[in-house]
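Presented below is the structure to which this report refers.
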Amino acid sequence: MIDLRSDTVTAPTDAMRAAIAQAPVGDDLYGEDPTVRALEERVADLFGHEAALYCVSGTLANQLAVRTVTPVGSDVLCDYRAHIVRAEHGAHAAVSGITTRTWMHPRGLADSDTIAELIAPASSHFVSTASISIENTHNFAGGLVHDIAALQGVRALADANGLAVHLDGARIWNAHIASGVALREYGAIADVLSACLSKGLGAPVGSLVIGSRERIAEAREWRARLGAAWRQAGVLAAAGLHALDHHVERLADDHVHARMLAEACGVDPDSVETNIVVVPCADAGVLVAKVREAGVVLGALDPRTVRLVTHRDVSRADIERAVTVLGRALPDAGR
Ligand SMILES: *Cc1c(COP(=O)(O)O)cnc(C)c1O
């Protein structure tokens, strides 16, 4: 099976398993796991921040990150298709007492003028805005990479209004490889961010919250409160360190593969910047079923949209086969 549902399906390589087997470990709740500490220090430094916290998932990392910049009963602003508002099971409301208001942009861009209209100052009538959340790359907008100038515009808008910026960087590595913008430059636009190791980087588990020492200490306390503190998590963190050493630069291959799939699906390859291709069609269910018979697995985002995601575990030969399979199935799905 050629699995193009998500880059989360990647399995650890033999070399990664060897790194896991050799990892020195300790009790992380006592701050004594050297591998977890090494991962946290390395990732904080990559983004030019003071500290980081290793977490079980991106959903937990985002939850902890957003709450450090958004007090109970206040707003976080985000795109209407942001992962934090669409795909985290209402966690920010259910767990953190935070409300969300969303902006709409047809291409998923972070336009400061659009965002500015949503900002509500503290008043006796309205929920006050505390933070702005940006997703880079933007998953449901087709792996879009935000222009660094636009992100700096959002930073300036936040500063002018006394707001914080959260960056959902689940796929920030893909943005970095596609744009050539340094991770530190992305780090500089955010007060707090999250980054994922278990998507394109191919680690089996893990995301990090990254920010100031103070915010990370607060996130650490909440992680424990939610029952998600670790013990000898160095066996997992070792996979993350291995991924940072060996799996970042190769994301460029995934981006080339995504353009090949786009072309096969009649989507403008120049609109595909990273590893995600969103394909509108008359019947997503038919397309998913047809290609599955031929050994290609896709996911439907909704009844008229499928999403294809490239990653480490699909080779050039797999992509070539998927192109042939898609070419045969697309007309039946009204594309
Ligand atoms: C996958 C994803 C997350 C959450 O990661 P999980 O580890 O699946 O909880 C957060 N943000 C974005 C943009 C994602 O794509």
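Please treat every number below as a calculation from the coordinates, not as lab data. This one's a predicted model, so the numbers in the text were calculated from it and none came from an experiment. Cβ coordinates were reconstructed from backbone atoms using ideal geometry, including for glycine residues, and neighbour counts include every protein chain displayed.
Consider all pairwise Cα distances in segment 130-172 and report the whole-number % of them above 13 Å.
Within segment 130-172, distances greater than 13 Å cover 52 percent of Cα pairs.
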**Study point:** Size-normalised alpha-carbon gyration radius of segment 114-271, reference 2.2 N^0.38 Å
**Key:** 1.19
Review point. So which residue, out of I119, I148, I189, gets the largest mean-square fluctuation from a GNM of the chain using Cα contacts under 10 Å as springs?
Key: I148
Check your understanding: Can you give me the pair-distance distribution of segment 167-228, C-alpha pairs, 5 Å bins, whole percents?
Key -> 4, 17, 23, 23, 18, 10, 4, 1
Practice item. Provide the convex hull volume over Cα atoms per residue for segment 196-245, in Å³. Key: 87 Å³
Review point. Using only Cα atoms, what Kirkwood radius does segment 94-173 have, in angstroms?
Key: 13.5 Å
Exercise for review: Starting with the fewest neighbours, write out V325, V209 ranked by other beta-carbon atoms found within 10 Å of each beta-carbon.
Suggested key: V325, V209
Check your understanding: If you wrap a convex hull around the C-alpha atoms of the chain and split its volume per residue, what is the figure in Å³?
Key -> 129 Å³
Study note, to complete from the structure: Here the alpha-carbon Rg of segment 1-121 over 2.2 N^0.38 Å rounds to 1.36
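State to the nearest 20 debye the size of the charge dipole of segment 123-245 about its Cα centre, where the only charges are +1 on K and R beta carbons and -1 on D and E beta carbons.
Approximately 380 debye in magnitude.
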Review point. Which of T114, T274, T129 moves most in a GNM of the chain, Cα contacts under 10 Å?
Key: T114
Study note, to complete from the structure: At 4 °C in a medium of viscosity 1.567 mPa s, segment 186-335 has a Stokes-Einstein diffusion coefficient, with Rh taken as the Kirkwood radius over alpha carbon pairs, in µm² per second, of 73 µm²/s
Point to revise | Rounded if a/c under 1.5, otherwise prolate or oblate - segment 59-192, Cα gyration tensor axes | key: prolate
